[in-house]
Each structure stands twice: as structure tokens, then as C-alpha cells.
Amino acid sequence: MKGTMFPHSSRPSRTAALAGVAALGILLAGCSASPAGAPAVDDAATAGEAAAGEASASDDTGAGHGKIEGAVEAPEPPLHLVSIDAGGSVSLLDLLDGTETELGPVRAPESVTTDGRYAFVADDRGVDIVDSGAWTWDHVDHFHYYRATPAVPGSVEGSGVATVATGMLSTAGGTGVFFPESGEAVLLDNAALSQGEIRETLRLEVAPHDGIMAPLGTGALVTEASSGGDVERLRAVDAEGSEVDAIACADASGTITTRLALVVGCADGAVLATAEEGATELTKVPYPEGAAPAATEFSARKGRPTVAGLGDGSGVWLLDTREQSWRWIPMPERPAAATAVDDESEHLVALAPDGSVRVFDGSGAEVAATDPLVGAADGGGRASLTVDAQRAYVNDPATGVVHEIDYADGARVARTLELGTAADFVVETGR
């Protein structure tokens, strides 16, 4: 039956587990705004962290608290799974009450990216945007949670399967889209997008290559390639597209935004980029001498300072953007996916090649594992792994279901979820 949730345990539900978060949300509902760039504090952070480049965002990180017209503030994170099948049918599952909503259709996906509210569905001709209507607004030292009506506001056209780079806030700052075949680098206005309008604030035409356009302050960080298509450096540009800074970054690949900085992977390390009060800073964090192959993709619990990096090596890189340091976690094989939880126990969650989900602690020791959960995809889908503060989710394109895993409780499979559309591509929103 579509939308049914099959519990694997009689332990407390996801709603019960979040009761403490709900109480905190109620206490903070009447909070006052903090100054832009105020220090950030949450479960593993230290004072002094600041949202990367969001201080001058159009939402103003002030009295609005991320609320938009028609949205309702919620007492707890409105967590949803957005499921898109190989043909482009879309459904949303509310993880707290089981409500299901059907949307779409959208283009048949080649890739799907999320910022915690939107799903960006890309094929070789453009990107369709799905608004889940569920998001968390980071007020630096606490959070606000919102629900609005889900929608499909429209598309961004371009040539080649786009790389999408997101920021910290879905109602402020920007979202970067880079089309590799045409070399079009597009910056979208998140404030407009939150109101259902797709507004491009910047569109640059550069040499076609596998590139990145990532939001940074009111501008962006964009890759620059040679005539042969090899990426050589990163350019920081302002809102008008004028270069304000640059740094060498050979073979740039992979990007993520943390509470502290925008991260872009390079052949010899990673660039950490910040933009505060109009000043841009680009810092290279080199790999240790004799290091494993470079990370080319990054994943972490949203906003957290420590991120997991995957490359060609048999293991996972951990990049601490607070300490500006790398740590290599060796494994028998390269995981299919890995993400850093960055909680008190420094959990690292990985999807192993055999389809099992494995949990490691900060020392790299395996502390828990599931049986194999993911089979070979039969519909053109792609298994993915996402984590939040309580659970991890992995979809199985072969069976069309999603497994919810309590990674801090022995990798217990808490629920197996059957959504309204086959779970060929899945992202979690409301975070």
C-alpha cells in the first residue's frame, strides 16, 4: 500500500524522538533577531562559527526569521522525504505523521540535489525545481521551522547535466547552477524562489567544462577552465559578475556549504571560501603529505563543520572546516556514499558496496552495521544516503522503498517506508 510505513521495532516513533526538539521550538518561537554574522552554537559547535556568506543575504537574517507569506511556523523540524521515480513522478512523505502528497511530473532525473527544502531535478537539458514546502531556518544560535504548500515553481534551462550548489538558507542568499556543455553559470535568488519565482541574479558564459557555480555572499565562486577544459582556478565574483578574488584549484570537483565556509575540492586539497561585510577570503587546506586520492564529492549533516569526502581511495576523508584539517578513515573498499554526522560521537555513516549501512566513530572504528539493504537498481534510479540529527535514510531503487536507520542505536532499521512513487531518487527536506 502506497504511503504505508512498516515499523521494524516497537521503540518510540520518530515523532516521540523529536518531542524534546518540539519543546525547544515552542520556547524559542518568540525569540528576537540576532545581528547578521552572530556566533553559532549547536550540539557540536563552538561560539564564533558564522553562516558562510549569509550576512548580507536578501532575507536579512533579521525580523523575518525566514518566514514567508503563507507559511506556518512549526514547533519541530517538518521532515519529509521527496521521492522521484525514473519517469519524473514526484511524491512527498511527511516523516512525522505519514501524510503523503503527490506533485509533478518533472523531467526524468539524471541527478537530484537538495538544500533541505527544494529538490533540484536535472537532466541534460535543464533543471526542474520541486518545492517541498518544508524547511528549517538557521538563526545561528537556534532554529525556526516552517511549512508551506508544496509546488513545482518551474525550470532553469541549460545544456548538460547541471551541478547544483546550495547555501545555508532556502529563503536567503542564492543557489548556483552550472551547465557543463554550454558553460553557463547561473545564480538563483533564493528569496524570490521561496515566493515561487525563479529569478536569475547572474548568468555567466564561460568555457564549457565540468564546473561549479556556488553561492558566496551576494555573489558566487565559479570555476575557470583552460581551453582544453581542465579546471585551473576558482574565481570569486560579485553580484554583477566582476572578479574580486581568485585562487589556484586544479581539477576542482565537489562542493558543500558548512556553517563556517563554502568548500570546493581541489587536486591538492580544498578551498574554504567566506564572504563577510563585503570582504572575500579564499583559503587552501592542503592534503597531508603522501595522502590518499583527492575527495571529489562531499556530504554532511546540513551546516555542520565537519564533512565527509569521497574520491577514488578505499576510505573516507573527513575535512574539519573549523580546524582546517584533514583526517583519513581507511576502509576495505570505497563506500558507495558516506556522510559525516558531526555529532558528539563524531559518527560517520557509509553505504558499503554490498548495500549495507555501516557506522563508524571518530577514530574510524566500525561500531554498527545493517544487513545488506540496497540491491542493484532496475529502473535507472540511484541509491543515496542522507542523515539528520536522529536518523539516516537510504533508498533502494531495486525495490522502490526507503530504509530509516537509527545510526546511534546499533544501526537499527527503525522503519521501511513505501512512498507514493518508486524511490528511484530520494532527498530529505525540512532540515
> What is the list of residues in the stretch 280-304 whose amide nitrogen lies under 18 Å from a point 7 angstrom out from the Cα of ASP268, following Cα to Cβ?
Replying inline: 282-296
>> Based on alpha-carbon centroids, what's the gap between the stretch 208-267 and the stretch 321-362 in Å, whole number please?
In response: 26
>> I need the Kirkwood Rh of the stretch 282-387: take the reciprocal of the average 1/r across all distinct C-alpha pairs and report it in angstrom.
In response: 14.2
> Using 0.36 nm per residue, how much length does the chain from GLU102 to ASP312 gain when fully extended, once their Cα-Cα distance is taken away?
Replying inline: 71.8 nm
> Which length gain, in nm to one decimal place, applies between ASP251 and SER155 when the Cα-Cα distance is subtracted from 0.36 nm times their residue separation?
Replying inline: 31.7 nm
> If R0 is 56 Å, what FRET efficiency do you get for GLU281 and THR399 from their C-beta distance, rounded to 0.05?
Replying inline: 0.75
> According to the square roots a ≥ b ≥ c of the eigenvalues of the Cα gyration tensor, what is the shape class of the stretch 214-268, taking rounded for a/c under 1.5, prolate for a/b larger than b/c otherwise, and oblate for the remainder?
Replying inline: oblate
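Using r as the Cβ-Cβ distance of SER345 and SER227, and R0 as 45 Å, what FRET efficiency do you calculate, to the nearest 0.05?
Working: r = 48 Å, r/R0 = 1.08.
So, using R0 = 45 Å, E works out to roughly 0.40.
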> Put +1 on the Cβ of each Lys and Arg and -1 on the Cβ of each Asp and Glu in the stretch 308-352; which of PRO330, VAL341, ALA308 then has its Cα farthest toward the positive end of the dipole?
Replying inline: PRO330
> SER111 label point, 7 Å along Cα→Cβ, cut-off 15 Å on backbone N: hits in the stretch 413-431?
Replying inline: 426
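Computed from the coordinates by the stated procedures, all read-outs in this text should not be read as laboratory data. Owing to the predicted nature of the structure, the values given are computational and were not obtained by experimental measurement. Note that we place each Cβ from the backbone using ideal geometry, even for glycine, and neighbour counts take in every protein chain shown.
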